[in-house]
1. Report the FRET efficiency, 1/(1 + (r/R0)^6), for residue 212 and residue 153, where r is their Cβ-Cβ distance and R0 is 45 Å, rounded to 0.05.
2. Work out how much length residue 224 to residue 271 would gain on full extension: take 0.36 nm times their residue separation and subtract the Cα-Cα distance, in nm to one decimal.
3. Using a/c under 1.5 as the rounded threshold, could you call segment 147-264 rounded, prolate or oblate? The axes a ≥ b ≥ c are square roots of the C-alpha gyration tensor eigenvalues, and prolate needs a/b larger than b/c, oblate otherwise.
4. Tell me, 77, 229 in order of fewest to most beta-carbon neighbours within 10 Å?
5. Which length gain, in nm to one decimal place, applies between residue 160 and residue 12 when the Cα-Cα distance is subtracted from 0.36 nm times their residue separation?
6. Using the beta-carbon distance between residue 130 and residue 255 and R0 = 51 Å, what value does 1/(1 + (r/R0)^6) give for FRET efficiency, to the nearest 0.05?
7. Which FRET efficiency, nearest 0.05, do residue 247 and residue 188 yield, Cβ-Cβ r, R0 22 Å?
8. Relative to the longest principal axis of the chain, what angle (0 to 90°, nearest 10) does the C-alpha long axis of helix 257-271 take?
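Only the coordinates and a few stated rules stand behind these numbers; no lab work does. Remember, it's a predicted structure, so these values are computed and weren't measured experimentally. Neighbour counts are summed over all protein chains in view; Cβ atoms, including those assigned to glycine, are modelled from backbone coordinates with ideal geometry.
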Ligand SMILES: NC(=O)c1ccc[n+]([C@@H]2O[C@H](COP(=O)([O-])OP(=O)(O)OC[C@H]3O[C@@H](n4cnc5c(N)ncnc54)[C@H](OP(=O)(O)O)[C@@H]3O)[C@@H](O)[C@H]2O)c1
């Protein structure tokens with residue numbers, strides 16, 4: 001665990017993920033655009049980089065957990081970005097959820113600097129992020145993945161190696177198509193049952209006992225019953241991810257009618273007053 005490591009993006013997911021790297025003993029330099037979000041990790045033993053360039057200069061491996069394609073490009077290639085500081089031979093581990101096309105382009109651009117990319121988005125929300133039990137879906141050259149396997153193992157319970165750079169993001173977008181569809185159907189099902197006079201908790205008990213049971217339904221359904229609507233997977237990311245799936249479908253010549261409906265539902269949720277969750 002002696003690899004000098006950087007971590008950029010201390011949001012809902014990144015902060016607990018970075019904390020697991022500190023706990024595992026990695027010498028860690030963290031950075032967040034909004035600087036005060038670094039304070040707790042500094043108290044926990046991380047160093048705080050003065051700039052993205054400094055994070056690059058102090059690291060062999062830099063993990064990213066930022067919002068989207070544009071944020072990754074800013075962080076890496078913007079003025080004084082990570083790439084301006086990271087030496088040849090370094091590795092970027094991008095765990096953000098982005099499009100496959102952007103991930104592949106990032107890999108090409110990093111390659112021009114002699115820097116490797118490990119495409120490693122994750123499934124699991126804030127709770128598995130805190131317990132180090134995320135599921136990583138990885139696209140990388142096998143040797144690059146082996147170099148950062150201990151880094152990933154400090155944050156993830158399971159690592160799936162799926163192919164070259166782009167394969168991780170393709171799996172993540174395809175997987176979130178299922179997740180966002182399931183969340184939408186659960187909401188519709190609970191609403192319908194309630195209108196019919198059913199009790200939500202009893203509905204969930206039935207759902208949990210039948211062959212379409214899912215830990216996702218149990219976890220999210222319980223939060224709904226408890227009135228616990230604290231953002232874990234913010235609407236802005238659910239909308240981004242369903243739009244990524246819809247765009248991927250179009251570019252691949254597929255008609256993904258369900259995901260088109262999910263996009264419309266999340267757009268309606270934003271219009272209905274959940275806009276705060278759309279701000280980055
Ligand atoms: N939440 C989940 O359940 C979940 C699960 C799996 C994967 N993901 C994915 O993981 C990523 C992070 O999710 P999150 O829930 O942690 O999101 P979040 O709480 O919104 O955090 C986003 C992070 O990205 C940073 N950022 C955004 N734009 C930036 C820019 N242009 N330059 C520099 N930094 C920028 C933010 O910095 P500021 O603090 O300055 O805004 C913040 O640190 C997203 O791609 C999301 O889709 C989320």
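1. So the FRET efficiency works out to roughly 0.90.
2. Values: separation 47, 0.36 × 47 = 16.92 nm, distance 2.07 nm.
So the chain would gain 14.9 nm between residue 224 and residue 271.
3. Numbers: a/c = 2.28, a/b = 1.46, b/c = 1.57.
Oblate, since a/c reaches 1.5 and b/c is not below a/b.
4. Numbers: 77 15, 229 9.
Placing the least packed residue first, the sequence is 229, 77.
5. Numbers: separation 148, 0.36 × 148 = 53.28 nm, distance 2.30 nm.
Additional length available on full extension: 51.0 nm.
6. Efficiency, rounded to the nearest 0.05: 0.85.
7. 0.35
8. Value to nearest ten degrees: 90.
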